[in-house]
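Here the structure is laid out as structure tokens; the discussion comes afterwards.
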Amino acid sequence: MTTSEKAIMTLTAIVLSCSLLSGCMFRDLKKDIAEDKISFRLYGRVENMAQVKGHVHVLLYVQADDQWQLDRFIFPADDGTYAFLITPGTYMVAGFADQNSNDRHDPGEPVGAWGAPDKIVIAGSIETEAVNKILANRDFKLTSGRFPLDNVVLSVANNANLALSLIKLGEPAAWNDPVFDQENADTGFWTPITFVKQFGMGIYFLEPYDPNKIPILFVHGAAGTPRAWKALAESLDPDRFQAWVYYYPSGLQLNTLSTALNKIIKRLQIDNGFEQMGVVAHSMGGLVSRSFILKHLVEDGQGTVKVFVSFSTPWGGVAMAAKGVEHAPEAIPSWYDVAAKSEFIKRIYAHSLKPLIPHYLFFGYRGDCSLVMANSDGTIEILSQLDMRAQDDAVFVRGQNEDHMSILESGKSAEYLNMALEAAF
């Protein structure tokens with residue numbers, strides 16, 4: 001049984017078995033969600049990182065008892081992007097180029113801070129809706145001069161709180177990269193904030209960026225990992241296309257995931273200047289992708305996405321998700337949005353895709369008989385995969401005798417995908 005299938009079967013078990021309700025997974029989830037409610041994403045960029053020599057460190061200071069304490073530090077991404085997950089408090093961000101590799105700032109080494117420097121104050125009563133939980137554009141440059149904060153620790157040599165950059169903007173990776181291990185994807189489903197802290201989220205490049213190739217973004221589903229895309233990604237014409245993957249904690253609410261994806265794509269456009277791309281999604285990733293595409297094309301007026309291809313997406317939602325929300329001791333946040341009659345499902349049909357870009361809808365129908373599910377691909381009911389709202393908005397609909405995961409390994413799927421790309425580009 002695949003992990004995606006297990007995620008759906010867990011919903012069923014919640015409804016049918018009270019013994020699961022006190023399991024440790026739900027205790028971890030409850031703790032994770034409680035932390036998410038008071039967590040904020042702070043990120044920015046060291047604007048001239050490419051022009052300075054030495055390893056750049058970005059330091060996060062927190063105010064405690066009228067003193068500034070070094071809370072943690074990170075190494076920014078290659079383009080200078082950095083990110084921290086923070087809770088209510090008062091912070092400052094500074095950075096320096098460690099030109100003599102001694103893990104501290106020494107006189108003469110380039111240094112900078114956000115603002116003059118300025119405090120970043122997060123009140124405990126601040127509105128915590130996802131759209132307001134991102135503290136963006138804390139950008140600064142490094143220049144020669146004294147360290148901008150007084151009476152603070154300048155060394156990170158003994159600081160174990162090295163934080164990974166939370167936002168991945170074209171992080172290089174290979175299919176066998178340990179970050180893509182199924183164990184980590186499961187963490188992203190059951191305890192999404194833990195996933196963000198450990199691995200971040202964002203877009204990974206499977207090859208160096210090439211301005212002469214069109215990006216094709218692959219978006220996995222619930223408890224999914226980018227590795228599921230290997231066969232289809234390797235079926236692309238290597239002279240025309242480059243494969244990108246969006247790796248995210250699938251337990252988060254879907255609007256949060258689509259908003260983050262939209263911001264990441266816009267940043268990558270600024271950095272790399274590409275003018276067209278395609279999006280390929282599986283299962284719940286199709287819901288995330290449609291939401292992103294509407295934000296990008298309709299709300300922002302961008303024309304970058306030229307084609308959308310989906311496989312085995314629950315376009316009508318997952319009926320058991322609502323049962324999970326109702327009966328579980330703590331519901332995974334994404335269940336609220338995947339539920340069949342959720343507000344999220346309604347919103348993604350508020351605007352049609354057909355006038356904007358072509359949507360190629362593929363579904364599977366090979367599933368075992370089930371007492372709790374109608375005809376399905378083993379995980380998603382066919383009725384949901386073929387929701388009329390999605391069918392009416394698609395330019396091409398085709399089924400295969402494949403189950404929920406085998407459809408991604410099918411030679412016919414590779415043929416259909418490349419047909420869609422050929423028509424779009």
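The values are calculated or read from the model by the stated rules, or taken from the named source; none is laboratory data. None of these values were measured; they are calculated from a predicted model. For neighbour counting, all protein chains shown are included, and Cβ atoms are generated from backbone atoms with ideal geometry for every residue, glycine included.
Tabulated results
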read-out	value
Tally of residues being among the β-branched types (Val, Ile, Thr) and at pLDDT 90 or above across segment 265-279	2
Unique match (being surrounded by fewer than 21 Cβ atoms within 10 Å (Cβ to Cβ), charged (D, E, K, R) and either over 22 Å from Ile348 (Cβ atoms) or outside the structural domain of Thr225 (by TED's automatic domain parsing) (or both)) among Arg389, Arg366	Arg366
Filter result for the condition that a residue is assigned to a loop (DSSP other than H, G, I, E, B) and modelled with pLDDT under 95, over Pro249, Pro238, Pro208	Pro249
Segment 208-256, residues that are touching an Asp or Glu at 6+ places or on another chain (Cβ under 8 Å) and free of Cβ contacts under 8 Å to residues at least 40 places away in the same chain	Lys213, Gln242, Ala243
Scan of segment 272-309 for residues that are in a helix (DSSP H, G or I), of a type outside the set (Lys, Arg) and buried (at least 16 other Cβ atoms within 10 Å of the Cβ), ordered by number	Met284, Gly285, Gly286, Leu287, Val288, Ser289, Ser291, Phe292, Ile293, Leu294, His296, Leu297
Residue match in segment 185-193 (condition: touching a Phe, Trp or Tyr at 6+ places or on another chain (Cβ under 7 Å) and in the same structural domain as Trp335 (by TED's automatic domain parsing))	yes
Test result for Ser376, closer than 22 Å to Ala243 by Cβ and either touching a Cys at 6+ places or on another chain (Cβ under 8 Å) or assigned by TED's automatic domain parsing to the domain that holds Leu353 (or both)	no
Scan of segment 329-342 for residues that are surrounded by fewer than 20 Cβ atoms within 10 Å (Cβ to Cβ) and either of a type in the set (Gly, Ala, Ser) or not assigned by TED's automatic domain parsing to the domain that holds Thr194 (or both), ordered by number	Ala340
Criterion: touching a Ser or Thr at 6+ places or on another chain (Cβ under 7 Å) and modelled with pLDDT of 80 or more - qualifying residue of Arg45, Arg72	Arg45
Residue that is modelled with the lowest pLDDT [pool: residues in segment 341-382 that are of a type in the set (Gly, Ala, Ser) and in a strand (DSSP E or B)]	Ser376
Filter result (crowded, with 17+ Cβ neighbours inside 10 Å, touching a residue at least 40 places away in the same chain (Cβ under 8 Å) and out of contact with any Pro (no Cβ under 6 Å at 6 or more places or on another chain)) within segment 61-82	Tyr61, Trp68, Leu70, Asp71, Arg72, Phe73, Ile74, Pro76, Ala77, Asp79, Thr81
Single residue of Ser283, Ser289, Ser258 found to be modelled with pLDDT under 95 and within 26 Å of Ala231 (Cα to Cα)	Ser258
Segment 395-425 - residue that is part of a loop (DSSP other than H, G, I, E, B) and touching a residue at least 40 places away in the same chain (Cβ under 8 Å) and, of those, nearest to Tyr365 (Cα to Cα)	His404
In segment 83-121, residue farthest from Glu171 (Cα to Cα) [restricted to those that are loosely packed, with under 14 Cβ neighbours inside 10 Å and of a type in the set (Ser, Thr, Tyr)]	Thr87
The lone exception for Lys197 - which of (1) surrounded by 23 or more Cβ atoms within 10 Å (Cβ to Cβ); (2) of a type outside the set (Ser, Thr, Tyr); (3) assigned to a helix (DSSP H, G or I) it fails	(1)
Index of the failed condition, Ser258 passing every other in (1) surrounded by fewer than 24 Cβ atoms within 10 Å (Cβ to Cβ); (2) closer than 14 Å to Ile293 by Cα; (3) small (Gly, Ala, Ser)	(1)
